[in-house]
Amino acid sequence: MVFKSEPLLLMPQTGLTSFIFSNPNNVADDKPIFIDAETDKHITYGQLRNLVFRLNHGLRRIGFKKGDALCIYSANKVDYPVIVHGTVAAGGVVSPANAAYTAEELAYQLQQARAKYIVTSEENLKIALDAAQQVGLPKKNMFLFGQKAIDGVLPYTQAILADEECPAEEFDFEEAKSTTAYLCFSSGTTGRSKGVMSSHTNISTNCLQIAQAMKKHLDYNTARFIGFLPFYHIYGLSAMIHLGAYWGIPVVVMPRFDLAKFCQAIEKYKVTIAHVVPPVLVLMAKDPIVSNYDLSTVTHYQCGAAPLSAELSMAVSKRLNSKCVQSYGMTESSPGSHIQPLDNETHGIVGRMLPGMTAKIVNEDGKGKFKPLFAAVGLGERGELWMAGPNIMQGYLNMPNETAATIDNEGYLHTGDVAIIDSNGMFSIVDRVKELIKYKGFQVAPAELESLLLQSDLVADCAVIGVYDDSQATELPRAYIKVSSGVPENEETAKALIKFVDQQVANHKKLRGGVKFIDVIPKSAAGKILRKELRAMAASEAKQ
Ligand code: 4UV
């Protein structure tokens, strides 16, 4: 059985830049759009457009070509959107990198994306220089946020912001569908992280899908977002940089999450919609600090990127007297695919599929493969969610096999998430069958940590899974280790392994779930790690 959402009423006909600046809500040029929560400095709608087209001009002047990739390696900045939209306007590809990456992690992304340029911040410059050197990216192609030149790296405002605007690269309908605008990185259902090619049309269509679904729930004139979600992750990129600019909704920008500053900013700027991840809601439900602030302007907390329990959602609604709803998405679906309508206050669901999409729920055939359940699926039955629509990615960059394993011949993206649909067409995400671990909404690829661990002499074999920590509403990466012969299974070995990994990875990938010793890593006949068994083991240990 195929589930269809409502039809999509409009398809974008142009490239992403023309779409984003089409100004459907007639936003005034002097309306502040990106506001720095720390300094109160802001960029108005008119200034944003001007800066984007000047950057577009400046990039072309230094020889930036259509299809060139530019990596942004920075925490959120109020002018981060200028770099994003300016690069796309020049016909380029934006590859945003996690600001906590080590030099090796960044070098991997630069190399995969074949990035020719980097825009980074003062705090990230040292690592950016190291990574750039590793991949042979010249210093003259690196630029800084801010106004200062450091170590011979110029601020972008001096180096690539022309005085005059220049029109964006134009794309017709077909070109917009086939031209990549973003390369975010995702591990998908298995293996290391891969460059997800999102076309101009993927991204602009997703804005229209969300706009159509939210139309009756949003007042564009009064809405205000708070933007602490990292702009380098597809959720922040979509919600703030695309939707904020397209709808003309002010976004209060924070470089990172801090509970008191978050509440302070909501109170000061009268934020109406707070995009969050589950661990933030734990604090909103329980932390005494929250009571010190007037958060009454928030009509709803919009949670995504990781599972949210009905209990936590309910606790937030009750304490803050506000709605707490979810949306669901993936880097590979550009990113939104499901959103909970605000007139449905059921807790624990991710809502309806966005307009213009189809889905199947498929069941396990007992051999580790999934096959469609054609009859009577539905309502209430669990299975892997497969979905198709104009927002499904073009594919993984230079990885045709991985793309073919993820998007089937009929165009269905195999999500690796287990879903249930109810009789109102509302979906719940109830489990995950892919390898992916989510730490506070950030992706952790087990394969990456496993390959690191296998480089240690202490390790004969290993497997990494996520274990759920209720108190923080997040999974924590845990390693199961078969030690090399003669290596003691003791606390010292565990500590040494944790240190070994933690020193080489970004903060969100650290082995916070600890190390457990095991005699044999459970594997299938084909040598695939049976993570389900390890998860069951972790669950039974947790109960003891
Ligand atoms: O690829 P990724 O890191 O992408 C994301 C994107 C999240 C969202 C969420 C709502 C939006 O409106 C939006 O624009 C973007 O996280 O990871 C994708 C995986 O994260 C899990 C699930 O396993 C996906 O395959 N995930 C995402 N949202 C939810 C979720 C959710 N609401 N509930 C449970 N799991």
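When a/c reaches 1.5 or more, the comparison of a/b and b/c decides; with that in mind, is segment 173-223 rounded, prolate or oblate per its Cα gyration tensor? Spell out each step's value before the answer.
Details: a/c = 3.21, a/b = 1.70, b/c = 1.89.
Oblate is the answer for segment 173-223, as a/c is 1.5 or above yet b/c matches or exceeds a/b.
Sort ILE203, ILE150 so that the residue with the fewest other Cβ atoms within 10 Å of its own Cβ comes first and the one with the most comes last.
Neighbour counts put them in this order, fewest first: ILE150, ILE203.
Counting Lys and Arg as +1 and Asp and Glu as -1, each charge on the Cβ, what is the dipole of the chain about the Cα centre in debye, to the nearest 20?
The calculated dipole for the chain is roughly 100 debye.
From the cross-link list LYS194/LYS261; LYS434/LYS516; LYS434/LYS528; LYS323/LYS440, which pairs have alpha carbons spaced over 24 Å apart?
Among LYS194/LYS261; LYS434/LYS516; LYS434/LYS528; LYS323/LYS440, the Cα-Cα distance tops 24 Å for LYS194/LYS261.
Cα atoms only, segment 1-63: Rg and Dmax in Å?
Rg then Dmax for segment 1-63, in Å: 17.1, 53.
Roughly how far apart, in whole Å, are the Cα centres of segment 458-472 and segment 225-262?
Result: 31 Å between the Cα centres.
Can you tell me how much longer the chain between GLU122 and ASP258 gets when fully stretched, taken as 0.36 nm per residue apart minus their C-alpha distance, in nm with one decimal?
46.9 nm
Pull out a ≥ b ≥ c, the square roots of the eigenvalues of the alpha-carbon gyration tensor of segment 181-292, then state rounded if a/c is under 1.5, prolate if not and a/b is larger than b/c, and oblate in the remaining case.
oblate
Show me 319-330, 342-353 ranked by packing, highest mean number of other Cβ atoms within 10 Å first.
319-330, 342-353
Aspartates and glutamates within cross-link reach of LYS77: Cα-Cα under 14 Å, excluding same-chain residues under 8 positions apart?
The qualifying aspartates and glutamates are ASP36, GLU38, ASP40, GLU122, GLU123.
Kirkwood Rh over alpha-carbon pairs of segment 116-163, then Stokes-Einstein at 20 °C and 1.002 mPa s: what D in µm² s⁻¹, rounded to an integer?
Diffusion coefficient, whole number: 202 µm²/s.
Among the lysines, which fall within straight-line cross-link reach of LYS4, defined as a Cα-Cα distance under 18 Å, with same-chain neighbours fewer than 8 residues apart omitted?
Cα-Cα hits under 18 Å: LYS360.
Just to confirm my numbers, what's the Cα centroid distance between segment 1-69 and segment 514-544 in Å?
Each part reduced to its Cα centre gives a spacing of 46 Å.
If you keep only loop residues by DSSP, which GluC sites (Glu not before Pro) in segment 147-253 have at most 14 other Cβ atoms within 10 Å of their Cβ?
Passing sites in segment 147-253 are GLU164, GLU170.
With each label point set 7 Å from Cα along the Cα-Cβ vector, what nm distance links ASP431 and GLU541?
Here the modelled spin labels are 2.1 nm apart.
Can you sort MET11, MET142 by how many other beta carbons sit within 10 Å, fewest first?
MET11, MET142
For segment 247-315, which trypsin sites (Lys or Arg not before Pro) are in a loop by DSSP, counting at most 16 other Cβ atoms within 10 Å?
The qualifying sites are ARG256, LYS270.
Counting other C-beta atoms within 10 Å, and keeping those with at most 10, which DSSP coil trypsin sites (Lys or Arg not before Pro) do you find in segment 467-499?
Loop-located and lightly packed - none at all.
Per DSSP H run of at least 4 residues, take -39500 (n - 2.57); add these up for the chain, divide by its residues and hand me the 222 nm value, nearest 500 deg cm²/dmol.
Calculated from helices alone, the mean residue ellipticity at 222 nm is -8500 deg cm²/dmol.
If the reach is capped at under 19 angstrom between alpha carbons, list the aspartates and glutamates near LYS499, excluding any in the same chain fewer than eight residues apart.
GLU104, GLU105, GLU448, GLU450, ASP457, ASP461, GLU489, GLU491
If you put +1 on each Lys and Arg Cβ and -1 on each Asp and Glu Cβ, how big is the dipole of segment 111-154 around its Cα centre, in Debye rounded to 20?
Charge dipole, segment 111-154, about its Cα centre: 220 debye, nearest 20.
For LEU144, LEU534, what ranking results if the residue with the fewest other Cβ atoms within 10 Å of its Cβ goes first?
So the residues, fewest neighbours to most, are LEU534, LEU144.
State, to one decimal in nm, how far the label point of GLN455 lies from the label point of THR297, with both points 7 Å from Cα in the Cβ direction.
It works out to 4.7 nm between the two label points.
Can you give the Kirkwood hydrodynamic radius of segment 396-544 from its Cα pairs, in Å with one decimal?
17.0 Å
Quick one: grab the alpha carbon gyration tensor of the chain, order the square roots of its eigenvalues as a ≥ b ≥ c, and give me rounded if a/c is under 1.5, else prolate or oblate depending on whether a/b is larger than b/c.
Note, shape of the chain comes out rounded.
What percent of all Cα-Cα pairs in segment 11-168 falls in each 5 Å bin, counting up from 0?
It works out to 2, 10, 18, 21, 21, 14, 9, 4, 1, 0, in whole percents.
To the nearest 20 debye, what charge dipole does segment 1-119 have about its Cα centre, counting +1 at the Cβ of each Lys and Arg and -1 at the Cβ of each Asp and Glu?
580 debye
So if the hydrodynamic radius of segment 137-195 is defined as the Kirkwood radius over C-alpha pairs, what does Stokes-Einstein give as its diffusion coefficient at 4 °C and 1.567 mPa s, in µm² per second?
Stokes-Einstein gives a translational diffusion coefficient of 85 µm²/s.
Bear in mind these aren't lab numbers, they're just calculated from the coordinates by the rules spelled out. Only a predicted model underlies this, so the values are computations on that prediction, with no experimental measurement involved. Positions of Cβ are generated from backbone atoms using ideal geometry, with glycine treated the same way; all protein chains shown enter the neighbour counts.
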